[in-house]
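Derivation of every value follows stated rules applied to the coordinates shown; laboratory data play no part. Note that the coordinates shown come from a computational prediction; the quantities given were computed from them, not determined experimentally. Quick reminder, even Gly has a Cβ in these numbers, built from the backbone with ideal geometry, and neighbours come from all protein chains shown.
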Amino acid sequence: MPSSSLARGVRRIGAGTIRAVSRAGFAARFFLLVLRHSPSAFHRLQLTAREIYFAGVLSLVVIMVSGLFVGMVLGLQGYDALNKYGAGDSLGIFVGLSLVRELGPVVAGLLFASRAGSAITAEIGLMKTTEQLSAMEMMAVDPLARIVAPRFWGGVIAMPLLAALFSVMGVFGAYLVGVRLIGVDNGTFWGNMQAGIGFWPDVTNGIIKSIVFGIAVSLIAVFEGYDANPTAEGVSAATTRTVVGGSLAILALDFVLTVFMFRGLGSG
Amino acid sequence: MNKATIDLWVGIFVTIGLGAIVFLALKVGNLTSIETKPTYRLEASFDNIGGLKLRAPVKAAGVIVGRVESVKLDNKTYEAVVSLRMDNGYQFSKDTIASILTSGLLGEVYIGLEAGGDPVMLADGGRISKTQSAVVLEKLIGQFLFDKASSGSAK
């Protein structure tokens, strides 16, 4: 009967909406719970250090190599475009601004979401599947304090450092291409960069961005892992959601933060 | 992997990460330019400051000798009052001329100072009385067209 299929469709939409809203509610409650258990992550620094190792140190190579390549491409493309207007000497400021303000935090964040975020989700999800989390609860060990909070803070601490490294490697890559390969004057390259980029509006806003991205990606990663269906498919779906949701969150947050930070600021 | 190795690697990671931030601050963002060099303040009024921005350079003979600190409108004379933070190492005579210039056609707007011959120097809080406003391109074009039209109709 058509009316019953219509009713079923409406019911499905309703159920989906309720599920989405209650998941959002659980995510918010989860965030507060993680914050409340955060002191223990700093109390037992060894746990957090381990997570900084897994999220940060092991991401070093991919971050630094990508930064280098992004910088080298920026150097080539930027010089090509700028030189059409006789502004090839402005390569330094172009590269520096795009890396420090945008590309550093955003690309490092995207790489971080796929490299470290997915690993965190898969790890926590698998712990849930193999009932390690329940076992901890049985032993009166709160998995939020022992497992989730250190991973969250490990990610939050690692992310800004990775973004800064990405920017530095990018600037270095652009220097290699621009100064060493194309032959932009060394002094002009650095001088323009330093004249056009301020520590307060540009570098600090980039760092703030990377901290916000770190919080967002780490929270999504631990939440998806904790919330995963305790099956093989559930963990794989949760890992996918971390990468997709984390990347989208970074890009959307980047827009919002940029609106607040650079609206009407001009070039000064 | 044992604790000591992890600690070592995390230490290395945090050190080079913080090193990267310091590099961004010093080499890219040029934080050193905020160093507290002794400065003094000058004021100058302009009819029109054009596109002058805060922290725009003040140059004498092309050398940066100070920066624009604030711009406000004098509500009585309707002139723009620009206050300049000048490097203490450079002193200018009382009859210095300040003009608002643009480097190149599309370049940044800055204040150019041309020193005069007066033996008395401007002190802290002093006022540059001789100023030249920004050239507003639209007005110039408008004037040019107007002149053309009026000379055409006179014929």
For A:A28 and A:F255, FRET efficiency with R0 = 22 Å and r from the beta-carbon atoms, rounded to 0.05? 0.50
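Among the DSSP beta bridges whose two residues both lie in the protein assembly as shown, what percent are antiparallel, rounded to the nearest 5? Working shown, then result.
Values: 26 of 35 bridges.
The antiparallel proportion sits near 75 percent.
So, R0 is 30 Å and r is the distance between the beta-carbons of A:E131 and A:F42; what FRET efficiency does that work out to, to 0.05? Show your work: numbers first, answer last.
Values: r = 28 Å, r/R0 = 0.94.
With a Förster radius of 30 Å, E is 0.60.
With contacts defined as alpha carbon pairs under 8 Å and 6 or more residues apart, what's the relative contact order of chain A in percent? Write down the numbers at each step before the final one.
Numbers: 358 pairs, mean separation 81.5, N = 268.
30 percent.
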Taking the Cα centre of the protein assembly as shown as origin and charging only Cβ (+1 Lys, Arg; -1 Asp, Glu), how large is the dipole, in debye to the nearest 20? 960
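May I ask for the percentage of alpha-carbon pairs in the stretch B:36-141 that lie more than 22 Å from each other? Show your work: numbers first, answer last.
Numbers: 1411 of 5565 pairs.
Value for the stretch B:36-141: 25 percent of Cα pairs lie more than 22 Å apart.
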Starting at the first residue of the stretch A:43-50, write each ³J(HN,Hα) from the Karplus equation 6.51 cos²θ - 1.76 cosθ + 1.60 with θ = phi - 60°, in whole Hz, x for Gly and Pro. 5, 9, 4, 4, 5, 5, 4, 4
Just grab the label-to-label distance for B:S83 and B:V22, each label 7 Å out from Cα along the Cβ direction, in nm (one decimal). 3.6
Rounded to the nearest 0.05, what FRET efficiency do A:L35 and A:I208 have when you use their Cβ-Cβ distance and R0 = 22 Å? 0.70
Cα centroid separation, the stretch A:52-130 to the stretch B:42-60 (Å): 39
Calculate the mean, over all residues of peptide A:55-62, of how many other protein chain Cβ atoms lie within 10 angstrom of the residue's Cβ. 3
With a cut-off of 16 Å, note down the residues of the stretch A:68-87 whose backbone N falls inside the zone around a label point 7 Å from the Cα of A:R180 toward its beta carbon. A:68-76
How large is Rg over Rh for chain A, taking Rg from the Cα atoms and Rh as the Kirkwood inverse mean of 1/r across Cα pairs? 1.09
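Are any of the pairs B:K76/B:K130; A:K128/B:K3; B:K53/B:K148 more than 22 Å apart by Cα-Cα distance, and if so, which?
Numbers: B:K76/B:K130 19 Å; A:K128/B:K3 25 Å; B:K53/B:K148 34 Å.
Violating the 22 Å limit, Cα to Cα: A:K128/B:K3; B:K53/B:K148.
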Under a crude label model (7 Å from the Cα following the beta-carbon direction), how far is B:S93 from A:V10 in nanometres? 9.0
Distance in nm between label sites at B:K53 and B:K76, each 7 Å beyond Cα in the beta-carbon direction? 3.3
Which aspartates and glutamates, on any chain, are close to B:K139 with Cα under 13 Å apart, when same-chain ones fewer than 8 places away are left out? B:D147
